[in-house]
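S.K.: My questions will all concern the structure given below.
The values are calculated or read from the model by the stated rules, or taken from the named source; none is laboratory data. The structure displayed is predicted, hence computed values, not measured ones. Cβ: placed from backbone, ideal geometry, glycine included. Neighbour counts: every protein chain shown. When the accessible area is computed, the model is the full protein with side chains, heavy atoms only, and any ligands, DNA or RNA have been set aside. Shrake-Rupley method; radii C 1.70, N 1.55, O 1.52, S 1.80 Å.
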Amino acid sequence: MTTAHAEPHAASGHAQRGISNPILGMILFITSEVMFFSGLFAAYFATRAANQPWPPAAFAHILDPLGPIMVATVLLIASSFTCQFAVWSIRKGDRRGFIRNISITFVLGIIFLGMQVYDYGLLFSEGMTLGSGPFGTTYFTLTGFHGAHVFGGVLMLGVILYRGMAGQFSSKHHDAVEAVSLYWHFVDVVWILLFSILYLLP
């Protein structure tokens, strides 16, 4: 009788406690990162406005939006969906679905990083480096910082996957999963903006 009474009370307490510390902390961190990337975007457009033509004729032909970078973009967008599927699964208490989807997200994140390194190799072979004038500097600064954030996200996903396999998450206790998913969605949105600005903006 005591147990039956305590469980609803605990569930009610969990539901009414408001935003958790992990989620609040992640929201505040993402807010600071939004300002950071906003500064980088502002610097990019200022540099672009001061240097014409943009990109320089020597590099215009190698930034192909339909090349490997497009595949990497599609994979990163897909990983955002699988990450959300993982969140929905653990909310329902479906640990198997959670582990499956977070594993796919983790792997897609690693593949994206591998494809970015491959794309860098192609650019280096064409003579485009960090020292290739304002364009090379801004391109590698923007994509490099984003890549570092993706790497950090992959580490977070790895930790979440490990903890999930250890049975540490349930339908009532999964704040860390929610927090990491917010970060991963943020990384995805930033890349969509970067891809649009660097590869699609004339």
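S.K.: Restricting to segment 37-49, what's the tally of residues that are open to solvent by 40 Å² or more (accessible area, probe 1.4 Å) and touching a residue at least 24 places away in the same chain (Cβ under 8 Å)?
M.R.: Going through segment 37-49 one residue at a time, the tally reaches 1.
S.K.: Output yes when any residue across segment 89-96 is of a type in the set (A, V, I, L, M, F, W, C), part of a helix (DSSP H, G or I) and within 18 Å of the chain's Cα centre (by Cα), and no when none is.
M.R.: Within segment 89-96, the first condition is being of a type in the set (A, V, I, L, M, F, W, C), and the residues that meet it are 90.
Those left that are additionally part of a helix (DSSP H, G or I): 90.
Keeping just the survivors that are within 18 Å of the chain's Cα centre (by Cα) gives none.
No, segment 89-96 contains no residue that is of a type in the set (A, V, I, L, M, F, W, C), part of a helix (DSSP H, G or I) and within 18 Å of the chain's Cα centre (by Cα).
S.K.: Within segment 155-175, is even one residue under 20 Å from F41 (Cα atoms), buried (at least 18 other Cβ atoms within 10 Å of the Cβ) and under 14 Å from the mean Cα position of the chain (by Cα)?
M.R.: The answer is no, given that none of the residues of segment 155-175 is under 20 Å from F41 (Cα atoms), buried (at least 18 other Cβ atoms within 10 Å of the Cβ) and under 14 Å from the mean Cα position of the chain (by Cα).
S.K.: Oh, and also: Out of the residues in segment 63-85 that are aliphatic (A, V, I, L, M) and open to solvent by less than 30 Å² (accessible area, probe 1.4 Å), state the one that is nearest to G164 (Cα to Cα).
M.R.: Selected residue: L76.
S.K.: In segment 96-141, which residues are open to solvent by less than 10 Å² (accessible area, probe 1.4 Å), of a type in the set (A, V, I, L, M) and within 30 Å of Q84 (Cα to Cα)? Quick ask: steps written out before the conclusion?
M.R.: First, the residues of segment 96-141 that are open to solvent by less than 10 Å² (accessible area, probe 1.4 Å): 97-98, 102, 105, 109, 112, 123, 128, 135-136, 139.
Next, from what is left, pick out any that are of a type in the set (A, V, I, L, M): 102, 123, 128.
Selection gives I102 alone.
S.K.: When you scan segment 176-202, how many residues do you find that are more than 18 Å from the chain's Cα centre (by Cα) and among the aromatic types (F, W, Y)?
M.R.: 1
S.K.: Could you tell me which residue of segment 51-85 is nearest to the chain's Cα centre (by Cα), considering only residues that are over 22 Å from V150 (Cα atoms), assigned to a helix (DSSP H, G or I) and in contact (Cβ under 8 Å) with a residue 12 or more places away in the chain?
M.R.: F59
S.K.: Please verify whether L198 is open to solvent by less than 20 Å² (accessible area, probe 1.4 Å), of a type in the set (A, V, I, L, M), in a helix (DSSP H, G or I) and modelled with pLDDT under 95, treating the condition exactly as stated.
M.R.: In short, yes.
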